[in-house]
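Notes follow the structure.
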């Protein structure tokens, strides 16, 4: 039986939710994201926007890898941003990572404002992800890079159970539920392909890059 998309709350804004998220071990996944991004865009220059930064773990890794990187890290959750600011300060990167509360569906910035727009795991939180992805395209400069990754919705409930056991088997019950809910809220590869096609990009710019992730890596051309 196929799995219908079941939305989860768009904003994780309770203290408990933010703390539970930050406590989960995302280290390997975040490191993979940063490594894959730098392989696709080896020498990013200019301002980088991180959409749905959560607790800013990825901007921290980026700035540790790229000495002159400057990142604007946005999220709609005040509790996530509160933890993000603490994490950034602890890493000694407050001068290079600017965290802001902002709605990714309607960014308060002009067109072509960023050289790079990245995002890890925001699309599954958004009822209409195409709104957020269209905004990301709008604020990316011509010739700039978009690098997005998120969970892919499995084809069966059995696959969801298997993935939860494989990747969250050592977590507590609430964290296992959080991961399962995220998988149910995710998009299929075909759905993401439809979105990027409608935004003017080739469907082939979206690929399945693990047993639970899709990745969209694309350069914005002048005619977009």
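Filter the stretch 197-224 for residues that are out of contact with any strand residue (DSSP E or B) (no Cβ under 7 Å at 6 or more places or on another chain) and modelled with pLDDT of 95 or more and give the result.
Answer for the stretch 197-224, where residues must be out of contact with any strand residue (DSSP E or B) (no Cβ under 7 Å at 6 or more places or on another chain) and modelled with pLDDT of 95 or more: 197, 198, 199, 200, 202, 203, 204, 210, 211.
Any chance you could count how many residues in the stretch 26-69 are outside any helix (DSSP H, G or I) and touching a residue at least 40 places away in the same chain (Cβ under 8 Å)?
Qualifying residue count, the stretch 26-69: 13.
So for the stretch 177-196 (the condition being surrounded by fewer than 17 Cβ atoms within 10 Å (Cβ to Cβ) and at pLDDT below 95), does at least one residue qualify?
Looking through the stretch 177-196, at least one residue is surrounded by fewer than 17 Cβ atoms within 10 Å (Cβ to Cβ) and at pLDDT below 95.
Taking the conditions exactly as written (surrounded by fewer than 20 Cβ atoms within 10 Å (Cβ to Cβ), in contact (Cβ under 8 Å) with a residue 12 or more places away in the chain and either in a loop (DSSP other than H, G, I, E, B) or more than 18 Å from the chain's Cα centre (by Cα) (or both)), does residue 171 satisfy them or not?
Here the answer is yes, as residue 171 does meet what is asked.
Considering (1) assigned to a loop (DSSP other than H, G, I, E, B); (2) farther than 24 Å from residue 80 by Cα, say which one residue 137 fails and leave the rest.
So residue 137 meets the others, but not (1).
Listed here are the residues, each with its yes/no results for (1) surrounded by 13 or more Cβ atoms within 10 Å (Cβ to Cβ); (2) closer than 30 Å to residue 177 by Cβ; (3) modelled with pLDDT under 95.
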position	(1), (2), (3)
4	no, yes, no
11	yes, yes, yes
29	yes, yes, yes
74	yes, yes, no
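Given the condition crowded, with 20+ Cβ neighbours inside 10 Å and closer than 21 Å to residue 10 by Cβ, answer yes or no: does some residue in the stretch 214-224 qualify?
Within the stretch 214-224, one or more residues are crowded, with 20+ Cβ neighbours inside 10 Å and closer than 21 Å to residue 10 by Cβ.
The values are calculated or read from the model by the stated rules, or taken from the named source; none is laboratory data. Small disclaimer: the values here were computed from a predicted structure and weren't measured. We place every Cβ from the backbone using ideal geometry, glycine too, and count neighbours over all the protein chains shown.
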